[in-house]
1. ILE5 versus (1) open to solvent by 70 Å² or more (accessible area, probe 1.4 Å); (2) modelled with pLDDT of 95 or more; (3) within 25 Å of PRO120 (Cα to Cα): which is the lone unmet condition?
2. Examine the stretch 35-43 for a residue that is assigned to a loop (DSSP other than H, G, I, E, B) and among the hydroxyl-bearing types (Ser, Thr, Tyr), and state whether such a residue exists.
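The values are calculated or read from the model by the stated rules, or taken from the named source; none is laboratory data. Note that the coordinates shown come from a computational prediction; the quantities given were computed from them, not determined experimentally. Note: accessible area is taken over every heavy atom of the protein model, side chains too, but ligands, DNA and RNA are not part of it. Shrake-Rupley method; radii C 1.70, N 1.55, O 1.52, S 1.80 Å.
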Amino acid sequence: MQGLIIIHTGPGKGKTTAALGTGMRAVGAGLRVLMLQFIKGSWHYGELEAVKAFGGQFEIRQMGRGFVKIGAEKPDPEDVRLVEEAWDQARREMHSGNWDLVILDEINYAISYKMLAPEPVAEFLRARPENLHVILTGRNAHPLLVELADTVTEMRDVKHAYQKGIQAQRGIEY
Ligand code: ATP
Ligand code: MG
C-alpha cells in the first residue's frame, strides 16, 4: 500500500462530502478512518451519527467551535488556539498507527485564514508514515500543499441552491 495525499478544494459544494465518501469506501476495504474537523463544532452534522454504525473503524472528531470570525485583520486568538490543538492532535494520530486514512477537514480554510502555517504542515506530511493516506479539504488550498499532493480536485461552483435563497437542507448540507 502506498499512502496518498489528496486535496479537495475550490468554491463548489462537495469537498467534505467527497472525503466522507472516500472514508466509507476505505472502511469497506478494511481501513481505519479518522476525520478531524478543524473548524466545525456547533452544528450537529449527519455524518457524526452515521459513522457510529462503523464502530471505532470510522471516527469523526469536531475540534472547533463551529464558526470563525472573518473579516477582521487578525484571526481571533481563541480560534488560533483551537486550530493549533487540532493540528497537535492530527500529528499524534497520524503517528499512532491507529489509522490508515486521516481526513483533515477544512484545514485549507484554517491555513488560508492564517491560523496555521503551511510550511510545517507540508513538512510533516512529507515525512508521515508511508502507508498513511491523508485527505485535506477546504477552499483556497495553499500552493505548497497542492504541489506536495498526489491528487488534487477543485470543485467548481456551477450553481448552488443557496443562491436562490433555499436554506441548507438537513441530510444534504449538514
Ligand atoms: P459539503 O460539506 O456539502 O461537501 P463543502 O465541504 O464543499 O460542502 P464548505 O466550504 O465546507 O463546502 O461549506 C460547507 C457548507 O456550505 C455546506 O453546507 C455546503 O452545502 C455549503 N456550500 C458549499 N459550497 C457552497 C456554495 N458554492 N454556495 C453556497 N453554499 C455552499
Ligand atoms: Mg467542507
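1. With respect to (1) open to solvent by 70 Å² or more (accessible area, probe 1.4 Å); (2) modelled with pLDDT of 95 or more; (3) within 25 Å of PRO120 (Cα to Cα), ILE5 is out only on (1).
2. First, pick out the residues of the stretch 35-43 that are assigned to a loop (DSSP other than H, G, I, E, B): 38-43.
Those left that are additionally among the hydroxyl-bearing types (Ser, Thr, Tyr): 42.
Taking every residue of the stretch 35-43 in turn, at least one turns out to be assigned to a loop (DSSP other than H, G, I, E, B) and among the hydroxyl-bearing types (Ser, Thr, Tyr).
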